[in-house]
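A.B. asks: Here it is, the structure, as structure tokens.
The values are calculated or read from the model by the stated rules, or taken from the named source; none is laboratory data. Source: prediction; values computed, not measured. Methodologically, a virtual Cβ is constructed for each residue, glycine included, from the backbone with ideal geometry; neighbour enumeration extends over all protein chains shown. In case anyone asks, the SASA skips ligands and DNA or RNA and just uses the protein heavy atoms, side chains included. Shrake-Rupley method; radii C 1.70, N 1.55, O 1.52, S 1.80 Å.
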Amino acid sequence: MSSQDGTAVRKRRMWLALVCFAVSAALFPARAMAKEAGTCTPGTTLRLSAPESSQGSLLLIEVKSAKPLAEVQGKWDGRSVPLWRDVASQTQRKGLVGVDLEKAPGEYELKVTGQTASGGKISCMARVTVRKGRFATEKLQVGKQFVEPSPEQITRADEERQKLRDIFDHVTPERLWDGKFRIPLDGVTSGSNFGRRRILNGNPGSPHGGVDLPGATGTPVHAAQRGRVVLAEELFFAGNTVVVDHGLGIYTLYGHLSEIDAKVGDALEAGAVLGKVGATGRVTGPHLHWGLTVEKARVNPLQLVTLLGNSSGKAARQKSSKTRKN
Ligand SMILES: [Zn+2]
């Protein structure tokens, strides 16, 4: 477990205003501009949920305009940033920047462009620093067949990886979710193992792309929000798996299920039961593997709950050491 994750979450909850038009800029002390001070066209502001990010994290951005907005697009390092309109606000857009678990640390340009209802152009630009994530390394002993798969198993795992990639490549242009995101298991407030580098039977494996949530076999697994089921099948590594498309490039994945209670094409309401906790696939004990992909970036799903979750201010914690590893 790492306390660094918790610190990162707390930092992320601190909104940093990037003050964009010159008149206001003069009213703020220099430190409020920080080093990533963005610049916007007059009358437009860009705010980020944290002054910088780290590998595997999510940033919430907010664009506000003095005039009603018609359309707005976001781009971060050449990748689009899903933006949506909250409630009935004509002048605001929100968006998520997903920083992949293995994105090279550095500075990346965030650019927002768009048009007001009256035809005026708006744009904002900011530089977002990505720090190296500090992930633990763990050593595991697992069944030999998982470390040295047969040629057939390698083919199968490769095909499944490609299938998931194809799913995540597709961006549903509508926002299918509506409201807050939740942790998929009742009563669970934290998860573990996100980003851990693994050494399986002495061989380095790929980083752990989700969080492991504690749960006994048979515990109902709830959809984190409303969405459409795009995968519901047994995978070599993740076992019985369900993937839900929430729209705008946001997908959640639920792995190692003992039972799948949804099928491809199902429209799930927020919180609908899509399966039961289990220990299928490459696993050492029952738990839920919960993954999140935002515009193809693998990010910590607990941050989605923190950023778009309950408004009681209770952020998801990430420091449980009790979760079993897979
Ligand atoms: Zn896992």
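A.B. asks: How big is the gap, in Å, between the Cα center of the stretch 88-134 and the Cα center of the stretch 263-310?
C.D. replies: Cα centroid to Cα centroid, the span is 25 Å.
A.B. asks: OK, next. Order the peptides 242-251, 268-277, 86-95 from the highest to the lowest mean number of other Cβ atoms within 10 Å of their residues.
C.D. replies: Going by the mean number of other Cβ atoms within 10 Å, highest first, we get 242-251, 268-277, 86-95.
A.B. asks: Would you mind counting up the charge near E233? Only other residues with Cβ under 11 Å from its Cβ, with Lys and Arg at +1 and Asp and Glu at -1.
C.D. replies: Surrounding charge for E233 is 0.
A.B. asks: While we're here: What dipole magnitude, in Debye to the nearest 20, does the stretch 81-138 give about its Cα centre under +1 on Lys/Arg Cβ and -1 on Asp/Glu Cβ? Mind showing how you got there, number by number?
C.D. replies: Working: 10 positive and 6 negative charges, 43 e Å.
Using only the charged Cβ atoms, the result is roughly 200 debye.
A.B. asks: Packing-wise, with mean Cβ within 10 Å as the measure, how do 40-53, 150-163 rank, highest first? Write out the running numbers ahead of the final one.
C.D. replies: Details: 40-53: 20.6, 150-163: 12.3.
Going from most to least packed, we get 40-53, 150-163.
A.B. asks: What accessible area per residue, rounded to a whole number of Å², is obtained for the stretch 109-207 using a probe radius of 1.4 Å?
C.D. replies: 56 Å²
A.B. asks: Taking the highest mean first, how do the peptides 130-137, 294-301, 76-83, 280-287 order by number of other beta carbon atoms within 10 angstrom per residue?
C.D. replies: 294-301, 280-287, 76-83, 130-137
A.B. asks: Mind checking the dipole of the stretch 226-284: about its Cα centre, +1 per Lys or Arg Cβ, -1 per Asp or Glu Cβ, Debye to the nearest 20?
C.D. replies: With Lys and Arg at +1 and Asp and Glu at -1, about 120 debye.
A.B. asks: In addition: What is the spin-label model distance, in nm, from Q141 to R165 if the labels are put 7 Å beyond Cα along the C-beta direction?
C.D. replies: Using points 7 Å along Cα→Cβ, the separation is 3.4 nm.
A.B. asks: Within the accessible area of the stretch 111-251, what % is carbon and sulfur when the probe is 1.4 Å and the other protein chains stay in place?
C.D. replies: Carbon plus sulfur share of accessible area: 52 percent.
A.B. asks: Additional query: What size of dipole, in debye to the nearest 20, comes out for the stretch 124-222 about its Cα centre when the only charges are +1 on Lys and Arg C-beta atoms and -1 on Asp and Glu C-beta atoms?
C.D. replies: 660 debye
A.B. asks: What is the Cα radius of gyration of the stretch 31-136 over 2.2 N^0.38 Å, N being its residue count?
C.D. replies: Scaled against compact globular proteins, the figure is 1.09.
A.B. asks: Additional query: What distance in nm separates the two pseudo spin-label positions at D158 and V264, each 7 Å out from Cα along the beta-carbon direction?
C.D. replies: Going from the D158 label point to the V264 one covers 2.1 nm.
A.B. asks: Can you work out the accessible area per residue across the stretch 256-297, with the rest of the protein chains kept in place, probe 1.4 Å, in square angstrom?
C.D. replies: Computed with neighbouring chains in place, this is 35 Å² per residue.
A.B. asks: At a 1.4 Å probe radius, carbon and sulfur cover how many percent of the accessible area of the stretch 258-302? Numbers along the way, then the final one.
C.D. replies: Working: 790 of 1560 Å².
On the stretch 258-302, the fraction of accessible area on carbon and sulfur atoms equals 51 percent.
A.B. asks: For the stretch 225-264, what relative contact order do you get, as a whole percent, if you take Cα pairs closer than 8 Å and at least 6 residues apart?
C.D. replies: Relative contact order of the stretch 225-264: 40 percent.
A.B. asks: Here is a follow-up. Under a cut-off of 19 Å between alpha-carbon atoms, report the aspartates and glutamates in cross-link reach of K111, not counting same-chain residues fewer than 8 places apart.
C.D. replies: List returned: E36, E52, E62, E71, D77, D100, E295.
A.B. asks: Please give the contour-minus-distance gain from D178 to V87: 0.36 nm per residue of separation, less the Cα-Cα distance, rounded to one decimal in nm.
C.D. replies: 31.8 nm
A.B. asks: By how many nm would the segment from R197 to A117 grow when fully extended, if each residue of separation counts as 0.36 nm and the alpha-carbon distance is taken off?
C.D. replies: Result: 24.0 nm gained on full extension.
A.B. asks: Over 23 Å between Cα atoms: which of K94/K121; K75/K296; K103/K263; K64/K121 fall into that group? Could you put the intermediate results ahead of the total?
C.D. replies: Details: K94/K121 18 Å; K75/K296 14 Å; K103/K263 33 Å; K64/K121 13 Å.
Over 23 Å apart, Cα to Cα: K103/K263.
A.B. asks: Could you tell me the calculated FRET efficiency between R131 and E233, based on Cβ-Cβ distance and R0 = 41 angstrom, to the nearest 0.05?
C.D. replies: The formula returns an efficiency of 0.65 here.
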